[in-house]
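Undergrad: The following block contains the structure, expressed as structure tokens.
The values are calculated or read from the model by the stated rules, or taken from the named source; none is laboratory data. No experiment lies behind these values; they were computed from the predicted model shown. Cβ sites come from the backbone with ideal geometry, for glycine too, and all protein chains shown count toward neighbours. Heads up: the accessible areas ignore ligands, DNA and RNA and are worked out on the full protein's heavy atoms, side chains in. Shrake-Rupley method; radii C 1.70, N 1.55, O 1.52, S 1.80 Å.
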Amino acid sequence: MIWDAIIIGGGAAGLFCAGIAGQLGKKVLVLDHAPVLGEKIRISGGGRCNFTNLHSAPEHFLSLNPHFVKSPLARYSAKDFINLVREYRIPFHEKHRGQLFCDNSAKDIIQMLLTECQKGDVTVHHPVSVTHISQTQSHWSLETTDGIKKATHLIIATGGLPVPAIGASDFGLQIAKQFEIPTTSVRPALVPLSFTSNEFSAFTSLAGISIEASVQAGQRNQSYGTYRFDEDLLITHKGLSGPAILQASSYWQEGEAIHINWLGKADFDALFSEADKKNVDTILAEALPQRVAQLLTEQLKLTKRNWAEVSKKDREVLRTHLTKAQMKPAGTLGWKKAEVMLGGIDTKALDGKTMMAKNLKNLYFIGECVDITGHLGGHNFQWAWSSAFVCANAIAHLKS
Ligand SMILES: Cc1cc2nc3c(=O)[nH]c(=O)nc-3n(C[C@H](O)[C@H](O)[C@H](O)COP(=O)(O)OP(=O)(O)OC[C@H]3O[C@@H](n4cnc5c(N)ncnc54)[C@H](O)[C@@H]3O)c2cc1C
């Protein structure tokens, strides 16, 4: 038989796309090489899946073509997905800055996607590997470990490279290469940053401490520019993590320093305004955990120094040390620890109304394999839902 659509990848984007297209009357087959479907959804958001963000908007996405995300997001917004979650009576809550999490488990979202697929009479085969893809005049032909499969539309929803242990692969990039569809360079993003032991040795004793800081990265990033994040920073044994660092990692480039304002929202002048009779580290401990305050003042040999005795010059040095600290990461913790892949299929090669490749009829790319990367906080799933929706409607309504 010739399926209306074969979707390779039964993760967030693939299952969502399959359910919609099936319910719009298309005969859809989903193929996934993993023994268990939706593993990334299951582990997401600490097991509770931060499935969207109330404020999901184009400014929360990185891409070499930042306008591309606008139309899919407008056509299927966070509000639309929230309505679906409500229809399924999945309990959820806003945790922080519009981030919506399941009250119970990420499995609620997986079950919802599978039920949507059942409603659309979608066929799902897994674990199945696709070994070769070719195109004839009328259809796509796939050689798989489950035999030859044929379809009019072929949708690639194989995600990105993070967490290879649960089935991540570069399949999307390989298919793009095979069919001469341009890609942008890829790298781990939303990932902890590592440091050389020289630079970091003083901080290792503070592992486990979290600070509300302000982190800026991307000064040399010509593609995405610079961005500042006011969020928690976590000191670990290996380097820096926590939301502020994960966010900054998407903008950081090798060889560049990140800029840290350890005081976060606290104001240096206000903090030290009535400080004359107090020690520098005591004042600083009003804004920072005591051990961090001690380390940062020790580094300038200002611990136990009375503020009144600190020269004007040293006060300025302290101001810079606290509010414009520069640390040069040695690298990231890589694909094993990254939450997303930055880069992917070049959106200039895709039609934003359909997600179809401009140079190849009836071949589509959706989800994380595309060069659209969200900030931390539910935006990456929202991109999976939005791109899947656009694609599903295209294959249901376009003439093949
Ligand atoms: C630890 C972690 C936590 C995260 N938490 C969040 C969060 O809370 N909120 C958020 O918005 N985002 C989060 N993300 C990101 C989010 O999971 C992804 O952006 C999203 O799953 C992408 O959807 P996708 O369908 O494109 O890819 P995936 O959901 O990864 O699905 C891809 C599917 O393709 C299959 N596949 C891969 N290669 C092949 C192949 N060669 N042949 C056949 N099948 C293949 C895989 O088995 C998988 O089922 C998190 C990511 C990680 C790693």
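Undergrad: Go through LYS26, LYS348, LYS177 and list them by solvent-accessible area, largest first, probe radius 1.4 Å.
TA: LYS177, LYS348, LYS26
Undergrad: Now, a different point. Roll a 1.4 Å probe over the protein chains and send me the accessible area per residue for the chain in Å².
TA: 44
Undergrad: Below 23 Å, Cα to Cα, which lysines can LYS177 reach? Residues fewer than 8 away in the same chain don't count.
TA: LYS149, LYS150, LYS348, LYS353, LYS358, LYS361
Undergrad: Also: Ranked by accessible surface with a 1.4 Å probe, highest first, in what order do VAL30, VAL186 come?
TA: Most to least solvent-accessible, the answer reads VAL186, VAL30.
Undergrad: Now, a different point. Count the net charge of all other residues whose Cβ sits under 14 Å from the Cβ of MET341, scoring Lys and Arg as +1 and Asp and Glu as -1. List each step's numbers first, then the result.
TA: Details: positive: LYS40, ARG187, LYS336, LYS337; negative: ASP170, GLU339, ASP346, GLU368, ASP371.
Around MET341, the charge tally is -1.
Undergrad: Kirkwood Rh over alpha-carbon pairs of the chain, then Stokes-Einstein at 4 °C and 1.567 mPa s: what D in µm² s⁻¹, rounded to an integer?
TA: Estimated diffusion coefficient is 57 µm²/s.
Undergrad: I've got another one for you. Given +1 on the Cβ of Lys and Arg, -1 on the Cβ of Asp and Glu, and no further charges, what dipole in debye does the stretch 1-136 carry about its Cα centre, rounded to the nearest 20?
TA: On the way: 14 positive and 11 negative charges, 42 e Å.
In debye, rounded to 20, the stretch 1-136 gives about 200.
Undergrad: Using Cα springs under 10 Å in a Gaussian network model of the chain, which residue among ASN50, ASN362, ASN306 shows the largest mean-square fluctuation?
TA: Maximum fluctuation in the GNM of the chain, among the listed residues, is at ASN306.
Undergrad: Sticking with this one: With a 1.4 Å probe and all protein chains kept in place, how do ARG75, ARG187, ARG86 rank by accessible area, largest first?
TA: Descending accessible area places them as ARG86, ARG75, ARG187.
Undergrad: Taking the dipole about the Cα centre of the stretch 288-347, with the C-beta of Lys and Arg at +1 and of Asp and Glu at -1, give me whichever of VAL340, MET327, VAL292 is farthest to the positive side.
TA: Result: VAL292.
Undergrad: If you roll a 1.4 Å probe over the stretch 198-357 with all protein chains in place, what percent of the accessible area is carbon or sulfur?
TA: 47
Undergrad: First select every other residue whose beta carbon is under 12 angstrom from the beta carbon of ALA74; then total the charges, Lys and Arg +1, Asp and Glu -1.
TA: Values: positive: LYS70, ARG75, LYS79, LYS353; negative: ASP80.
The answer is +3.
Undergrad: Looking only at GluC sites (Glu not before Pro) in DSSP loops with at most 10 other Cβ atoms within 10 Å, what is the longest site-free stretch of the chain?
TA: Excluding the exposed sites themselves, the longest stretch runs over 1-179.
Undergrad: How much of the DSSP beta bridge set in the chain is antiparallel, as a percent to the nearest 5?
TA: Of the beta bridges lying entirely in the chain, close to 75 percent run antiparallel.
Undergrad: What is the ratio of the Cα radius of gyration of the stretch 193-332 to 2.2 N^0.38 Å, with N the residue count, to two decimals?
TA: Ratio of Cα Rg to 2.2 N^0.38 Å: 1.05.
Undergrad: What is the local net charge at LEU64, summed over the other residues whose Cβ is closer than 12 Å to its Cβ (Lys, Arg +1; Asp, Glu -1)?
TA: -1
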